[in-house]
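In what follows, a structure is listed as structure tokens, so that the remarks can point back to it.
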Amino acid sequence: MKPQPAISTTQRFTFKGNRKDTRYGWLRLTPAYSMHLVSELLDEHVQQGDNVLDPFCGTGTTALACAERGINCDTIDINPFLIWLTNAKTHSYTKSEIAAFKAASMHVAKAIRDEEQQTRWLPPLYQIEKWWEESVLLALGRAMHRIKKLEATTYSNAVDLLKIAFCRLAIEQANVSFGHQSMSFKKAEEPQTFDFRFSQIDSMAAHWEGSIASIAVAATSLTLVQPEVSLCDARSLTSNLDANFYSCVITSPPYPNRMSYIRELRPYMYWLGYLQTQREAGELDWQAIGGTWGCATSNVGKWQLPSDTDIPYRGFNEILAGVAERSPLLSRYIHKYFYDMVQHCREIFAVVKPGGAVNYIIGNSKFYDVMLPAQEIYAAMFESCGFEQTEIRTIRKRTSKKELFEFVVSARKPSSMAKKKAVMP
């Protein structure tokens, strides 16, 4: 394994590098990572004519960076909301679609302001009153009712832009904070002695109109190719993708830090109809790698390691034992996460072409006083599957615990598999 270069502390490699007035910044999500990092990896590993794969689509950063350069890219995810978002971010919008978006947005703005309107649509989000104050929630309900009516009369791609603007407005007005690693509810403030209801609605309408203008400008930029975006399990790539096909993989999988992406995404997913119940959210998180929301946590507690897979990292069992002293459930979660990732790495090796490169942006973790060197475990998994030239590069210090960093773990599939097989015992 090659030595690790010096640490870069620039924020260019965080989601903050994705400017809000570009497509990359259309919607703020926890799983986002920087387009600048993707761009540098494309410069280093990809040429025109190559095929790129992102097996953990997330917010579509890799797919969009490739689309803007005219590079063929396939991306998959197990979450249908993220599939929708990536298709919306990478679509080449026509002048007619953008004009329809602007015209339709005026009807939504009118609905936001019209407090006499009784017709509204609200999602079945549990304890929705914790998320939004009543007047804000009713305004959002009027806006979504109008968007649903517009779906029948305007371009579907224009409606996608309306939904992105709606999600931005909803999260801007929500009682949530992004000051920590994950989204959390704001602390309750002292009750107001007078009513700001009308000025608040005017503020919402102004936010809506500002988002419309920003999104419309970014939508005029052209993407040179349309990525192939598919619903697929990252542990079963060969059921959907061709073997020995991809020249480069650029991705950021879920980190082994017990953060639930469903938990972060659920306000959007309920408003857009991708979730109806808490049970659905938990089941989807259980299907995802590293999911821990709702019933996914109880399922982790019942999970038993199949006998056909060991985690190829010396000291892994000691890590599990150390965490288990404080929490057997967290120890089991770590084991399940890397068991799933071993399955994924085998599938990645099958779909990458000989000589192709893989690049995984991953962060380490700490559970109590036990460090989990995820970057080293990923390197060991790649080598166990047959990759070579493994390298770990530290890219930044994260803003949480002092020992936590973000890395790019890279490796390459041998260029001559036939020769490699011939020398194996």
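The values are calculated or read from the model by the stated rules, or taken from the named source; none is laboratory data. Predicted model, so just to flag it, every value in this text is computed and none were measured. Neighbour counts are summed over all protein chains in view; Cβ atoms, including those assigned to glycine, are modelled from backbone coordinates with ideal geometry.
What to note about this one:
- Scanning the stretch 380-392 for residues that are over 13 Å from Val342 (Cβ atoms) and among the aliphatic types (A, V, I, L, M) returns a single hit, Ile392.
- A single member of Ala99, Ala109 is surrounded by fewer than 24 Cβ atoms within 10 Å (Cβ to Cβ), free of Cβ contacts under 8 Å to residues at least 12 places away in the same chain and within 30 Å of Ala205 (Cβ to Cβ), and it is Ala99.
- Qualifying helices (runs of 4 or more DSSP H) (wholly inside the stretch 61-156; at least 2 residues being among the hydrophobic types (A, V, I, L, M, F, W, C), over 26 Å from the mean Cα position of the chain (by Cα) and outside the structural domain of Val352 (by TED's automatic domain parsing)): 95-113, 134-150
- Lys89 vs. criteria crowded, with 19+ Cβ neighbours inside 10 Å, over 25 Å from Thr277 (Cα atoms) and basic (Lys, Arg): yes
Residue-wise test of (1) touching a helix residue (DSSP H, G or I) at 6+ places or on another chain (Cβ under 7 Å); (2) within 30 Å of Trp293 (Cβ to Cβ).
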residue	(1), (2)
Ala63	yes, yes
Ile78	yes, yes
Leu82	no, yes
Ser92	no, no
His107	yes, no
Lys110	no, no
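- Pairing each residue of the stretch 366-386 that is of a type in the set (Lys, Arg) with any residue that is not in a strand (DSSP E or B), provided the two are 6+ apart or on different chains, yields C-beta distances under 8 Å for Lys366/Lys401; Lys366/Glu403; Lys366/Leu404.
- In the stretch 328-378, the residues that are within 26 Å of Ser39 (Cβ to Cβ) and either surrounded by fewer than 19 Cβ atoms within 10 Å (Cβ to Cβ) or not assigned by TED's automatic domain parsing to the domain that holds Ser239 (or both): Lys353, Pro354, Gly355
- For the stretch 257-275, a residue qualifies if it is at pLDDT below 95 and either over 10 Å from Leu125 (Cβ atoms) or part of a loop (DSSP other than H, G, I, E, B) (or both), and the qualifying residues are Asn257, Arg258, Met259, Ser260, Tyr261, Ile262, Arg263, Glu264, Leu265.
- Hey, Leu231 touching a helix residue (DSSP H, G or I) at 6+ places or on another chain (Cβ under 7 Å), closer than 18 Å to Lys89 by Cα, modelled with pLDDT under 95 and surrounded by fewer than 19 Cβ atoms within 10 Å (Cβ to Cβ) or not: no
- The stretch 236-294: number of residues that are in contact (Cβ under 8 Å) with a residue 24 or more places away in the chain and touching a Cys at 6+ places or on another chain (Cβ under 9 Å): 10
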